[in-house]
Amino acid sequence: MEDADTVYRDLVENQQDLLVKFNLEGRLLLVNSAYCETMGKDRESLVGSVFMPVTDERYSDVIATQMTRLFRPPFVCVVEQWLQTPKGMRCISWSAKSILDGERTVVAIVASGRDITRLKSEQKAIKKKDEELMLVLESGSRMYYSHTPDHAMTYVSPRIRVLLGCRPGAGKHSWTEYLTDNPVNASGLERTIRAVTSGRREPPYRLEMARSDGSRIWVEVDEIPVVKNGKTVAIAGSVVDVTDRMHVEEGQAEAELLFKGSRTKPAAPGGAGEKSPIAFFRSIFSKEGSGEEEDCFSGIPENLK
């Protein structure tokens, strides 16, 4: 039967993870074969050397701050270290634990390290793709958001915050807090509630919202319920600022009322073919190439044509 020392040595030397022990001065007391192989050095040259040689001052401060946890309960910490190795820079995630004496004083530290360089590279690639996607999303006219079924915001496009006049770090928790008292908003809120309840997409709708300075804007909302296991877990949507469009539509509606009113007036004697000013301007901007335009100009004196 193997003795305990042999068993422990086999466990340490056959680990894929890097295993080290260092004193309170940060000098290595013990290293396993995996650590030697990673560093490209023999055991003799590594024992007694500094465990975490750090040249970047800011990086050194981060490491030092994290490792202060080794001197208070529960005497453990996790730190990441970039090491120069024969294979290039490698990122090692260290899980460290203090060795205590009978008086619970730290006398040494042991740590196991795992190479997470590949994971870091994948995270960096994902972050880059996310940034590129956000650039595309934020470049269009639509602005995106998401909220929980009870209307709490989980993501808000920075452009929506600008549109609503939110200061950095400020903003209301629920999107419903931005709604004005305009009765049309009740219909929009109903559609959101129906989407949450049914899990089906509702037609786009418009809302009037209040900016932080008290001014009001109109947005067109298009939402999709996010359903998991038959239950709506979130609402993802987009908004478009239609304030200017609303003003134009209101102006068109008013002009249409005036136009309809002008047609109900009786024609003056001898002026059966005469057109109202509204009809005149409508014909100017009409896209239809009819003879109406000529009729409109027929009532203008020759010296004004």
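The values are calculated or read from the model by the stated rules, or taken from the named source; none is laboratory data. For clarity, every value in this text was computed on a predicted model and none was experimentally measured. Methodologically, a virtual Cβ is constructed for each residue, glycine included, from the backbone with ideal geometry; neighbour enumeration extends over all protein chains shown. Protein only, heavy atoms only, side chains kept; ligands, DNA and RNA dropped before computing areas. Shrake-Rupley method; radii C 1.70, N 1.55, O 1.52, S 1.80 Å.
Some notes on this structure:
- Surface composition of the stretch 24-107: carbon and sulfur atoms hold 54% of the protein heavy-atom accessible area at a 1.4 Å probe.
- Among 198-204, 216-222, sorting by the average number of other beta carbon atoms lying within 10 angstrom of each residue, highest first, gives 216-222, 198-204.
- Rolling a 1.4 Å probe over the heavy atoms of the protein chains gives the stretch 48-171 an accessible area of 66 Å² per residue.
- Under 5 Å, built H, 5+ apart or other chain: amide partners of His151: none
- Taking only Cα atoms of the stretch 16-109, radius of gyration then Dmax in Å: 13.5, 43
- Binned Cα-Cα distance frequencies in the stretch 98-237 - 5 Å width, integer %: 2, 8, 14, 15, 15, 11, 8, 5, 5, 5, 5, 4, 3, 2, 0
- Entry for the stretch 49-162 at q = 0.14, 0.22 Å⁻¹: log10 I(q)/I(0) = -0.81, -1.19, Debye formula applied to identical alpha-carbon scatterers, no solvent contribution.
- For the stretch 106-133 versus the stretch 191-248, the gap between their alpha-carbon centres in whole angstrom: 38
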